[in-house]
Amino acid sequence: MATVGQNGNADGSAAVPTDTGAAGPVPDVPPVPEVGPAPDLYNPDRVETFKGELLEYLGELVPPGDPPWDIGVFEGYGRGMVATRDIAVHELVFIDRPVLVGPRVNNYEVIFCASCCCILRRLQLCTGGCRLPICSRCDFSVGAASPHASECRLIQSWQPKDAGRYSKNILYALTSIRGFLLSDRDRSIVLQMEGHQPRKEMTTEIERLLKDGYFWNLDAEGPAVRYLRQVVNILNTNAFETSRIVADEENNHHEIILRGLYILGALMNHCCRPNVRYVFDDQLRMRVHASRPIKKGEQIMNNYSKILWGTQHRIIHLCFSKNFLCSCDRCKDPTVSVCQERGFPAS
Ligand SMILES: [Zn+2]
Ligand SMILES: [Zn+2]
Ligand SMILES: [Zn+2]
């Protein structure tokens, strides 16, 4: 029987379908991963083991020799990244690749293949009954050669209702669903990321599927949903927005916004005066450069907000999207009372 990780993470690809052209039967539905008790993420031994797993995961993306970063635990922050030597402005700090990538939880203006992101002139529902828009190259009927086959079979196993209709809510949940297809090593890395519980007023993509009864065979209290909730929380806490540029049949180019889980990227803590900037290349790899000189021992800090926003705007955005109150120098401003009144914790 096939096991998890059939999408081939061994070749360095993320848990997103890739066109391997492999022949043979479609893999079986992967077993439901166990969700154990939350590990002590700040334990020094655990941090060291985690770093080793990450270096193995990144493979050739880490240049030979010691990287200019390390993972540490910082008071008031939890885990974070620290410079192990002076880093010059514009110097490449690290390259990361997404361990999970897929659609974001938001409306799209164009319909695209849920698997390869190509743009479809007409909506074509996957013949596997997963209710996702799919191109002919990725359709379930192609068999094991379809890069969508494993995730389609997984969704089929939950027995979607109303299988003849497109479902944007299943599309929104697809990135989390891909969490089932991770290799053991990649799942171990993902489950060592922090996943905050959603706020009470928030309905996550998984809760929406459960609430509206999308499946005949997905138990809201069962182990599959327990695992999905954990992946959702980890994605919502850590994911970055990234994108693919794709052309339609008239060669008009469109940007398809995706969400990606970049482990190293997510380990950077926030500062409204960051010392790095990042870009994504055409393989969705994140390239992080120093935006100013970074001293040895200094935290490597990213900006989770927008650098040009005013203090009040940034603070409110961080409170609602990241659930913490920034206390950096830029944010020491009377407007913090707006959020304190709402009961958000200080970072
Ligand atoms: Zn496709
Ligand atoms: Zn399908
Ligand atoms: Zn700040």
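The table below lists the values:
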read-out	value
Long pairs among K296/K322; K200/K306; K168/K332, criterion Cα-Cα beyond 31 Å	K168/K332
Added length on full extension, which subtracts the Cα-Cα distance from 0.36 nm per residue, V73 to L308	81.7 nm
Normalised contact order of the chain, rounded percent, pairs of Cα under 8 Å and 6 or more residues apart	22 percent
Neighbour cut-off at most 12 other Cβ (10 Å), DSSP loop, trypsin sites (Lys or Arg not before Pro), the stretch 122-214	R122, R165, R199, K200
Loop-located GluC sites (Glu not before Pro) in the stretch 245-289 whose Cβ has at most 15 other Cβ within 10 Å (DSSP)	E249, E250
Per-bin percent of Cα-Cα distances, the stretch 100-258 [10 Å]	10, 39, 37, 12, 1
Fraction of the pair-distance distribution of the stretch 170-292 above 23 Å, Cα-Cα pairs, percent	43 percent
Along the chain, longest interval not containing exposed chymotrypsin sites (Phe, Trp or Tyr not before Pro), exposed being DSSP loop plus at most 12 other Cβ atoms within 10 Å	43-215
Sorted largest first, extent of the chain alpha carbons per principal axis (Å)	55, 49, 48
Segment I257-Q299, extension gain: residue separation times 0.36 nm, minus the distance between their alpha carbons	12.2 nm
Principal axis box of the stretch 86-132, alpha-carbon based, largest edge first, Å	54, 21, 18
Length added when fully stretched, T203-K161, from 0.36 nm per residue minus Cα-Cα	13.1 nm
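Quick note: the coordinates plus some simple rules give every number you see, no bench work behind them. A quick note: this is a predicted structure, and the numbers were derived from the prediction, not measured. Using ideal geometry, Cβ is built from the backbone for each residue, glycine included, and neighbour counts are taken over all protein chains shown.
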